[in-house]
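Heads up, the thing below is written out as structure tokens.
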Amino acid sequence: ISPIILSFLLVLLIIFCIWILWRIILKQKKLEDMKNDFISNITHELKTPVAILSATNETLLNFDGIHDAEKTGRYLRLERDELKKLQVQLDRIIHLTRLENKEGFQESLREINLGVLVNKVADRFRSLPGVEISIDNKLTDPVIQTQALHLETVLSNLVDNAIKYSPRDTKPVVIHLSEENQYIQIDITDEGLGIEKSQLPFIFDKFYRVPHGNIHDVKGYGLGLSHVKSLLSHLGGSIGVKTEPGKGSTFSIQLKKVWK
Ligand code: ADP
């Protein structure tokens, strides 16, 4: 090989190494940014209710509440609402970190009625103002053996997303249960924002959030779908999504039928 070709190859090799290094740095930086967003989201969501609670508490301490029952009641109701928000956020964080540590992965198999489980999940969300969920259960004998808590977490995350990413006045979220051959299928359909095709390869990645911009200011940590995916692979199931921007989404779970 002539020295010219050799030095040309060497330059190519150096450029290639620099390019690889650059890619690694970019990837690292993206992950770092996502983690920072995650922390600032959590901090923000905890800070606001705590700030309101300390302000109302201070006000209650500084005036003679006993002689102004109306004002006291107003502040106490405000405190109750903020405490509820805090509780929801803390539940979410505890849930996420527990899953993160793989704690509870040893949950034993239980016999459950899928219809009852789905109703339980739906009822929890129905208690939120303005939320409507309808259930369409086509299963003949919905008793299966599974790790019920994990399945409940999967369903809760998907229903939570369907509600979060649907503007207030859209049609109810629908949970559809059906069976085919060896599989049970659970479809969760919303008529909300939908997801751009270009974003689909990333939505199951840890910390990934679709930038919805100003359309709908939704809070989140970008962890829900990645947990759903890992829990489902643990349960021997799978998940897919059909979605159209502006029209809505259907997340479909398939589970192997393990009857009682
Ligand atoms: P989070 O909701 O906390 O952002 P997820 O991992 O649950 O995180 O979801 C990742 C992204 O996928 C979300 O940021 C959202 O943009 C998109 N997404 C998930 N579910 C839906 C849905 N039902 N409709 C529209 N977008 C969704």
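Overview of values
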quantity	calculated
GNM top mover of Gln147, Gln182, Gln89 - the chain, alpha-carbon springs below 10 Å	Gln182
Cα-based reach from Lys242 at 16 Å (exclusive), listing aspartates and glutamates while leaving out same-chain residues under 8 positions away	Asp187, Asp190, Glu191, Glu196
Separation in nanometres of the label points that stand 7 Å from Cα toward Cβ, at Arg77 and Phe207	4.2 nm
Protection-proxy order for peptides 227-236, 67-76, each taking the mean of Cβ atoms within 10 Å per residue, highest first	227-236, 67-76
Tensor-based shape of the chain (alpha-carbon gyration tensor, a/c under 1.5 rounded, otherwise prolate or oblate)	oblate
Most positive-pole-ward Cα, Leu60, Leu13, Ile1, against dipole of the stretch 1-73 from beta carbon charges	Ile1
Taking the chain and dividing mean pair separation by its residue count, relative contact order in percent (alpha carbons under 8 Å, at least six apart)	17 percent
Rough spin-label spacing in nm, given labels placed 7 Å along Cα→Cβ, for Glu70 and Ser198	5.6 nm
Among the listed pairs Lys35/Lys164; Lys47/Lys120; Lys27/Lys229, those beyond 25 Å (Cα-Cα)	Lys47/Lys120
0 to 90° range, to nearest 10: angle between helix 224-234 axis and the chain longest Cα axis	70 degrees
1.4 Å probe accessible area per residue over the chain, in Å²	64 Å²
Area accessible to solvent at Ile18, 1.4 Å probe radius, in Å²	110 Å²
By accessible area with a 1.4 Å probe, ligands and nucleic acids excluded, highest first: order of Phe125, Phe8	Phe8, Phe125
Vicinal HN-Hα couplings computed from phi for the stretch 167-172 (Karplus, 6.51 cos²θ - 1.76 cosθ + 1.60; Hz; Gly/Pro x)	x, 3, 9, 7, 4, x
Mean-position separation - Cα centroids, the stretch 39-92 and the stretch 101-171, in angstrom	30 Å
Difference of contour (0.36 nm per residue) and Cα-Cα distance, Thr43 to Lys29	3.0 nm
The chain - charge dipole about Cα centre, Lys and Arg +1 at Cβ, Asp and Glu -1, debye rounded to 20	640 debye
Cross-link partners of Lys30 among lysines (Cα-Cα below 18 Å; sequence separation of 8 or more within a chain)	Lys206
Paired Rg and Dmax values of the stretch 114-260, which use every Cα atom, in angstrom	14.8, 48
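The values are calculated or read from the model by the stated rules, or taken from the named source; none is laboratory data. Everything numeric here is computed off the predicted structure, so don't read it as measured data. Positions of Cβ are backbone-derived with ideal geometry, glycine not excepted, and every protein chain shown enters the neighbour counts. Side chains included, ligands, DNA and RNA excluded: accessible areas come from the protein's heavy atoms. Shrake-Rupley method; radii C 1.70, N 1.55, O 1.52, S 1.80 Å.
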